[in-house]
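Quick one: the structure is below, questions incoming.
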């Protein structure tokens, strides 16, 4: 490690996520009117940072800076914290264990759920229109790539600098369909986005395009198994 690298502390992702989760809306019985008002104002301030670089939206700083601890962070970690916090401001739904299957808690899995919901809606619409023309056991045929799949491919092909506007659009779609996001995992993944072996992009792809496992199928790969797989590649 170089002398310059030692000047920076690592982003404390769990600390950041705990602070963000504390801003999420709660039942009236769990929070006073004053604290609910404060949380709404802080989330609104975070949203004003969407699409902007760290430091450009001054309203974000009084909310975000206390969430980062006292140590100096690298520009990349500051950018990750800013991006995740502003995205959370637009979709303040904390992640809880069980929201996504164990071993598949990446952003790719969230998009997989969005895709499957879109496919079900399209299938139901087609069934309503062509009920008399389609055989009862006929499987719906896929025509080209879906909008969700195209968005994922654009994300996987993006540099870190190009991610913010694309993630913003996708998070809006997830919020509109009440699909959970593992914010902690997203922050950790964004910190590793430019890793030369592209293990984050591979994990997102595997979670999105993975085959369903039936009762006799192979068990879903754990993150350890996936890491070993990627090492072999």
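Within segment 1-96, considering only helices (runs of 4 or more DSSP H) that don't extend past its boundaries, which have at least 2 residues that are more than 22 Å from residue 165 (Cα to Cα) and not assigned by TED's automatic domain parsing to the domain that holds residue 107?
3-6, 13-21, 33-47
Results for (1) outside any helix (DSSP H, G or I); (2) touching a helix residue (DSSP H, G or I) at 6+ places or on another chain (Cβ under 7 Å); (3) surrounded by 14 or more Cβ atoms within 10 Å (Cβ to Cβ); (4) at pLDDT 80 or above, shown as yes or no for each residue.
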{"residue": "121", "(1), (2), (3), (4)": "no, no, no, no"}
{"residue": "127", "(1), (2), (3), (4)": "no, no, no, no"}
{"residue": "135", "(1), (2), (3), (4)": "yes, no, no, no"}
{"residue": "143", "(1), (2), (3), (4)": "yes, no, no, no"}
{"residue": "150", "(1), (2), (3), (4)": "no, no, no, yes"}
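So, residue 21, is that one under 26 Å from residue 80 (Cβ atoms), modelled with pLDDT of 75 or more and surrounded by 14 or more Cβ atoms within 10 Å (Cβ to Cβ) or not?
Details: under 26 Å from residue 80 (Cβ atoms): yes; modelled with pLDDT of 75 or more: yes; surrounded by 14 or more Cβ atoms within 10 Å (Cβ to Cβ): yes.
Taking the combined requirement at face value, the residue satisfies it.
Another question, if that's okay. Across segment 154-163, what is the total count of residues that are within 19 Å of residue 197 (Cβ to Cβ) and loosely packed, with under 13 Cβ neighbours inside 10 Å? Step through it out loud before you land on a result.
Start the filter on segment 154-163 by keeping residues that are within 19 Å of residue 197 (Cβ to Cβ), which leaves 155-160, 163.
Right, trim to loosely packed, with under 13 Cβ neighbours inside 10 Å and you get 157, 159.
Counting residues in segment 154-163 that are within 19 Å of residue 197 (Cβ to Cβ) and loosely packed, with under 13 Cβ neighbours inside 10 Å gives 2.
With the requirement that a residue be at pLDDT below 60 and in contact with a helix residue (DSSP H, G or I) (Cβ under 8 Å, 6 or more places away or on another chain), what does segment 174-222 give you?
Passing the criteria: only 221.
Is segment 84-91 home to any residue that is at pLDDT 95 or above and out of contact with any helix residue (DSSP H, G or I) (no Cβ under 7 Å at 6 or more places or on another chain)? Reasoning before the result, please.
As a first pass, look at segment 84-91 and keep what is at pLDDT 95 or above: 84-91.
Applying the additional criterion that residues be out of contact with any helix residue (DSSP H, G or I) (no Cβ under 7 Å at 6 or more places or on another chain) yields none.
Scanning segment 84-91 turns up no residue that is at pLDDT 95 or above and out of contact with any helix residue (DSSP H, G or I) (no Cβ under 7 Å at 6 or more places or on another chain).
The values are calculated or read from the model by the stated rules, or taken from the named source; none is laboratory data. What you are looking at is a predicted structure, and each value in this text was computed from that prediction instead of being measured. Neighbour counts are summed over all protein chains in view; Cβ atoms, including those assigned to glycine, are modelled from backbone coordinates with ideal geometry.
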